[in-house]
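Below you'll find the structure, written out as structure tokens, and then a few comments.
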Amino acid sequence: MSAVQQSRINVMTPWLGVEEVAAVTAVIESGWVAQGPRVAEFERSFARAMQATDAVAVSNCTTALHLALLVAGVRAGDDVVVPSFSFIATANAPTYVGARPVFAEVDALTGNVTATSVAAAITPWTRAVIVVDQGGVPVDLDAVRAVCDPRDIVVIEDAACGAGSTYKGRPVGAGAQLAAWSFHPRKILTTGEGGMLTTSNPEWAARARMLREHAMSVSAADRHAALVSPPEEYSEIGFNFRMTDLQAAIGIVQLAKLPEAVARRRAIAARYRRELGGVPGLRLVDDPPWGTSNFQSLWVEVADPYPLDREQVLLALAEAGISARRGIMSAHRQSPYRHLAGHGTLPVTERLTDRTLILPLFHTMTAADQDRVIAVLRGPVGG
Ligand SMILES: *Cc1c(COP(=O)(O)O)cnc(C)c1O
């Protein structure tokens, strides 16, 4: 036991600073804090940065996925192919519209679904597929679309983790009909809570814009801007999925910092790879041939001949004051979805869930912080 109290290292710490404080202060001073001009500006900047035709800001990525399914026309009785190997929101979204998630297996190297695994999960009732850029690793979207487009199956990209990742030289999501993004603090770009729906279809964007605001024919911002506002109408049952201008102001600053944030994460990931890549039994997730990851989650698979299992590694890290995380969950092992996939039917998904952990990686991580993590992982192999 060290006599020196070592500070705790978390898996993630958001990179927020004085610029975000100034941006929020300006919004408060403006007197307009709900969805308004800052949200509109954030949408324009985000669409430009992600090379999307339209961007619709929402309350989080889960509501973005929900709206994506609605505008794509997914209804009760439809099937939606999703990876089980994802945060549970990916599987929950289809259930919100009465559809059934059908789980596709993932590739062991990327943690993402493939054209083959998606094709195997398609049923006569499949209306949509949700692919995920898991942990920031770009999915091979074109290959999945080659399977789905001829069958009129809409491919929705869950890019919750993908801001700053690239696919074939463009931002992930740029080639998607619909992509959903998260700005939760666990992600690389944060607004506290928040999300975005990007789409190449202007009609879908218009409908999503309306549905996020109670399906009101006149937006609240337009209503307030007019002295005598036009009467509003409600053409269908909508939702309150709005983002606030307070959040959007933070998002504008965060988006401008994104290239630097990605460069820093990739540099830290590269150092982990140099220091740990040669340790027998440890496998670090890497860029796929078709793109680059933002390393939103740098996961490592722990297997033979590494002397510890994943749980023992987590304990060893905890003893050193380091809070790593278990890898991505398997949705089909949770009670709402257990009946949908038989035991052992998704062996790669289960193996990755059971054997991976996510290493601490954040913008302000120092070399000394990283040395502490590396020392714990190298310890059992004498290095
Ligand atoms: C974080 C995450 C979500 C949910 O995002 P929220 O903004 O918290 O709703 C959905 N899908 C994936 C893959 C995620 O990592």
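Where a number appears in this text, it was derived from the coordinates with a stated rule and is not lab data. Computed from a predicted model, the values in this text were never measured in an experiment. Cβ: placed from backbone, ideal geometry, glycine included. Neighbour counts: every protein chain shown.
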Handout entry: Whether region 256-381 is rounded, prolate or oblate, judged on the alpha carbon gyration tensor where a/c under 1.5 counts as rounded
Key = oblate
Problem - region 18-255 pair-distance distribution - Cα-Cα, 5 Å bins, rounded % - result: 1, 7, 15, 19, 19, 15, 11, 7, 4, 2, 1, 0
Practice task
May I ask for log10 I(q)/I(0) of region 1-131 at q = 0.13, 0.15, 0.20, 0.23 Å⁻¹, from a Debye sum over the Cα atoms as equal point scatterers with solvent left out?
Solution key: -0.79, -0.91, -1.15, -1.30
Practice task
Take the alpha carbon atoms of region 1-80, find their center, do the same for region 137-192, and report the distance between the two centers in whole angstrom.
Solution key: 15
Exercise for the section: Excluding M12 itself, calculate the net charge of residues whose Cβ lies under 10 Å from the Cβ of M12, where each Lys or Arg counts +1 and each Asp or Glu counts -1. Expected result: +3
Practice task
For an R0 of 25 angstrom, estimate the FRET efficiency from the Cβ-Cβ distance between D304 and I88 and round to the nearest 0.05.
Solution key: 0.25
Exercise for the section: Going by C-beta contacts inside 10 Å, put L315, L211, L189 in order with the fewest on the left. Expected result: L315, L211, L189
Problem - Proxy reagent accessibility, fewest Cβ within 10 Å first, across V21, V262, V348, V131 - result: V21, V348, V262, V131
Problem - Relative contact order (%) - criterion: Cα under 8 Å, at least six apart; region: the chain - result: 23
Completion exercise
The exposure ranking of H214, H339, fewest beta-carbon neighbours within 10 Å first, is H339, H214
Completion exercise
Distance in Å, no decimals, from the C-alpha centre of region 339-383 to the one of region 285-306 is 9
